[in-house]
Amino acid sequence: MRMQKNDVIVCRLKRLPRNMLVEAARTATAINPLNHPRMDQLAGLMRGFRASPRRIAVMTTSYWGSAGVKLSVGFLDTPPADLRKRILLHMNAWNRNANIRFVPGNTDPQVRISRVGGKDGGYWSYVGTEILHIPKGEATMNLEEFTMETPESEFHRVVRHEAGHTLGFPHEHMRRALVNKIDRRKAIAYFQRMDGWTGQETIDQVLTPIEEAAIRGTLADPKSIMCYQIPGEITKDGKPIAGGLDIDESDYQFAGQIYPKKAAVKRKP
Ligand SMILES: [Zn+2]
């Protein structure tokens, strides 16, 4: 068992390869027009902004439609029924005040969970509508070595976090105190190697604390379950940052805003 106190496995956000970004942005906008970034705002925020298709694609979010989320979930290996049920239960924790349902599905499930280690191991998920671009038979989420023996707290911290990505939620920015624990040079090299990010992307996404990020209109919640999780290899003291431990009130509120429970009813004339 690799779960030890100083061996917290942290999420590594999976993004589609860059050559698929434009196509994925098209899908995201077709499913939810609000995913398309506001060009007038971007031009105001970023000096010299040029609206190239690639640039727009990077800024496009991948939320599902406001009518709500109902996704079928399958497993690429054969976990016991009680484990499948338990994973589904924690994914569905998001539906407390949001129109979100993850249902078991055996034929062509939209969410496909693997539990592999090695090169594709760890905990990760593709984000929102991006999962539609993953070839059938390949995982959209990985929960390495999850079993019925995995502590309940890990189901809260990990399964709910990865389900959040599947719902389209990216990582939250961090508090300054946590950002200060990160070795900037190592972080830039790490995200370049793992995700192909430029130095500026890593600065914007990981090294900018919430109080500055909030000025730009980013939701700021340091206790969010979607708070960044940082591996020990890029922190100054070598210890990983585990992030939020469970869905908190502002996460629930945000999910309820994006996927309101009564949207379908309200829209009727
Ligand atoms: Zn994550």
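The values are calculated or read from the model by the stated rules, or taken from the named source; none is laboratory data. This structure is a prediction, so every number in the text was calculated from the model and none was measured. Positions of Cβ are generated from backbone atoms using ideal geometry, with glycine treated the same way; all protein chains shown enter the neighbour counts. Note: areas computed on protein heavy atoms with side chains; ligands, DNA, RNA excluded. Shrake-Rupley method; radii C 1.70, N 1.55, O 1.52, S 1.80 Å.
For Ser72, which sequence-distant residues (separation of 5 or more, or a different chain) have an amide H within less than 5 Å of its own amide H, given hydrogens modelled in the peptide plane?
Val103, Gln110, Val111
List every residue whose amide H lies under 5 Å from the amide H of Cys227, counting only residues 5 or more places away in sequence or on a different chain, with H placed 1.01 Å from N in the peptide plane.
Glu172, Gly244
Using a 1.4 angstrom probe on heavy atoms only, work out the carbon and sulfur share of the accessible area of the chain in %. Let's see the in-between values first.
Working: 7540 of 14110 Å².
Taking all protein chains in place, the chain shows 53 percent carbon and sulfur surface.
On a full-extension model of 0.36 nm per residue, what is the gain between Ser250 and Lys181, subtracting their alpha-carbon distance, rounded to one decimal in nm? Don't skip to the answer; put the middle values down first.
On the way: separation 69, 0.36 × 69 = 24.84 nm, distance 2.49 nm.
Answer, rounded to one decimal: 22.4 nm.
Could the peptides 154-160, 26-32 be put in order, highest first, of the mean number of other beta-carbon atoms found within 10 Å of their residues?
Details: 154-160: 20.9, 26-32: 18.0.
In descending order of packing, they fall as 154-160, 26-32.
Residues with amide H under 5 Å of Thr235's amide H, sequence separation 5 or more or different chain, H placed in the peptide plane at 1.01 Å from N; which?
Asp183
Suppose every K and R has +1 on its Cβ and every D and E has -1 on its Cβ; what is the size of the dipole of the chain about the Cα centre, in Debye to the nearest 20?
Values: 40 positive and 29 negative charges, 151 e Å.
Its charge dipole is roughly 720 debye.
Taking every pair of distinct Cα atoms and averaging 1/r, then inverting, what Kirkwood hydrodynamic radius in Å comes out for the chain? Kindly include the intermediate steps, with their values, before the conclusion.
Details: mean 1/r = 0.0519 Å⁻¹.
For the chain, the Kirkwood estimate is 19.3 Å.
Please list, in order along the range 122-130, the HN-Hα scalar couplings obtained from phi with the Karplus expression 6.51 cos²θ - 1.76 cosθ + 1.60 (θ = phi - 60°), rounded to whole Hz, x for Gly and Pro.
Ordered by residue, 3J(HN,Hα) equals x, 10, 7, 8, 6, 9, x, 5, 4 Hz.
Provide, for q = 0.19 Å⁻¹, the log10 of I(q)/I(0) from a solvent-free Debye sum over equal Cα point scatterers in the range 23-166.
Each listed q maps to, in turn, -1.11.
Quick one: 3J(HN,Hα) in Hz for the range 9-18, Karplus 6.51/-1.76/1.60 with θ = phi - 60°, rounded, Gly and Pro as x.
Each residue's phi maps through the Karplus curve to give 7, 10, 5, 10, 4, 8, 10, 5, x, 4 Hz.
Roll a 1.4 Å probe over the protein chains and send me the accessible area per residue for the chain in Å².
52 Å²
At a probe size of 1.4 Å, how large is the accessible area of Val10, to the nearest 10 Å²?
Near enough 20 Å² of accessible area.
Please turn the phi angles of the range 132-148 into ³J(HN,Hα) values with the Karplus equation 6.51 cos²θ - 1.76 cosθ + 1.60 (θ = phi - 60°), one per residue in order, whole Hz, x for glycine and proline.
Once rounded to whole Hz, the list reads 5, 9, 8, x, 4, x, 9, 5, 9, 8, 10, 10, 4, 6, 5, 9, 5.
Taking 8 Å as the Cα distance limit and 6 or more residues as the minimum spacing, I'd like the relative contact order of the chain as a percentage.
Working: 452 pairs, mean separation 59.4, N = 269.
This gives 22 percent for the chain.
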